[in-house]
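Here, each number is a calculation from the coordinates, and none is a lab measurement. Just so it is clear, the structure is predicted and the values come from calculations on it, not from any experiment. Heads up, the Cβs are rebuilt from the backbone with ideal geometry, glycines too, and the neighbour counts pull from every protein chain shown.
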């Protein structure tokens, strides 16, 4: 019996459907979810999400939120999330470079969050095969 997966943000439902397997990075480390997984609740900071279905793998960059596993249902409530193919690669690279420059001048939580967010976008796109690293 497959997992029922929903990935939602305040703006939209990013992805919903049946999946055979899911991988995410919680604040405590990577978590893989198969059907029959024990209940789990974890916080997500800047996470790469991989959803494996019978036909394909879907990659998404998640920026803040929670992952809940309960009775075959996986729900990801994200502050922000985007599918790998939605990521503007040149913009993400430019924002990552700008954040690195700003951190060199002033290592603030805002600059560090911008760096982490854009590094996660680029890592997700690379893993999806959309960017050569």
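The residue that is nearest to residue 123 (Cα to Cα), counting only those in the stretch 22-51 that are surrounded by 12 or more Cβ atoms within 10 Å (Cβ to Cβ) and more than 15 Å from the chain's Cα centre (by Cα), is 34. Of all residues in the stretch 77-133, none satisfies the criterion of being out of contact with any helix residue (DSSP H, G or I) (no Cβ under 9 Å at 6 or more places or on another chain), surrounded by 19 or more Cβ atoms within 10 Å (Cβ to Cβ) and over 20 Å from residue 44 (Cα atoms). The listed residues are 73, 52, 93, and the only one of them that is in contact (Cβ under 8 Å) with a residue 24 or more places away in the chain and out of contact with any strand residue (DSSP E or B) (no Cβ under 7 Å at 6 or more places or on another chain) turns out to be 93.
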